[in-house]
Every structure is written in C-alpha cells, then in structure tokens.
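Some notes on the structure that comes next.
The values are calculated or read from the model by the stated rules, or taken from the named source; none is laboratory data. Worth saying up front: this structure is predicted, and the values here are computed from it rather than measured. When the accessible area is computed, the model is the full protein with side chains, heavy atoms only, and any ligands, DNA or RNA have been set aside. Shrake-Rupley method; radii C 1.70, N 1.55, O 1.52, S 1.80 Å.
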Amino acid sequence: VLNCAAVSCPPLRIWAFNADSLDLQLNTNCSRAMNDPRFLRIEGYTIHHSKLFEWYAEDFQPDAMAIREFMSRYVPDNVARKLTEPSYKLVPMEYDWKLNRSAE
C-alpha cells in the first residue's frame, strides 16, 4: 500500500500492513476515510469525494455507479442510500498536498 503522506491521501497508520490481516487493515482504513469529511462529505444533493476516485476512475469500471457502490460499503446505511442515488451529483474535492501526520 503506497501513500504520498499528503493530507488528502488515505489516513496514515502507526502500524505496518501485513499479509495475515491485510484485508481487514485495508477495509478498516477505507472505513476511516469514507467516514471523514476530508474524504467524503454530502452537502445538499452534492457528494464531495476524494479526488483519488477521479484519478483512479478506470479502476471502478464500468461507470461512476461503481465508485458510489464502493464508497457506500464503508458508511452507515443512511449515507449509503444517498451515495447510490443518481440524483446526487459527484464532485471531487481539491487535493491537499500538505504533509499528513499519523492518524493514531
């Protein structure tokens, strides 16, 4: 798992990723990011999301609904319903390149 350590990168952890618990560690970090307004925020009918989803959009083929469904796995049900509602507009946030610090 790579991270440039910018504020807009996924949260840094104080532990190393390891093979025995990699899936759990990645899911935990995704959950932390998707529940942090620096990475995902809904205002009115606009979903402000990490610019990483725009930069890596082809990883979520065939369409933007795959991005919405990915994000919805890591948030409470009431937020997930909004994420998968097509009437909500997806808007990437500006990327903050300032240096991040450990999340723990």
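Each DSSP beta bridge with both residues in the chain is either parallel or antiparallel, and the antiparallel ones are about 55%.
If you count only protein heavy atoms with a 1.4 Å probe, what accessible area per residue comes out for the chain, rounded to a whole Å²? Before the final figure, lay out the partial values.
Values: 6770 Å² over 104 residues.
Accessible surface, normalised per residue, equals 65 Å².
For the chain, carbon and sulfur atoms together expose 54% of the accessible surface, with a 1.4 angstrom probe and every protein chain in place.
Provide Ile14, Ile67, Ile42 ordered by accessible surface of protein heavy atoms (probe 1.4 Å), highest first.
Ile14, Ile42, Ile67
Across the range 48-57, coupling constants 3J(HN,Hα) worked out from phi with the 6.51/-1.76/1.60 Karplus curve, θ = phi - 60°, read 8, 9, 4, 5, 4, 5, 6, 5, 10, 4 Hz, and Gly and Pro carry x.
The 1.4 Å probe gives accessible areas that order Arg68, Arg81, largest first, as Arg81, Arg68. What residues have an amide H closer than 5 Å to that of Ile47, excluding those fewer than 5 places away on the same chain, when H is modeled at 1.01 Å from N in the peptide plane? Close amide H contacts, sequence-distant or interchain: Lys89, Leu90, Val91. In order along the range 70-87, phi translates into HN-Hα couplings of 4, 4, 5, 5, 10, 10, x, 3, 5, 6, 4, 4, 5, 4, 8, 8, x, 6 Hz, rounded to whole numbers, per the Karplus curve 6.51 cos²θ - 1.76 cosθ + 1.60 with θ = phi - 60° and x for Gly and Pro.
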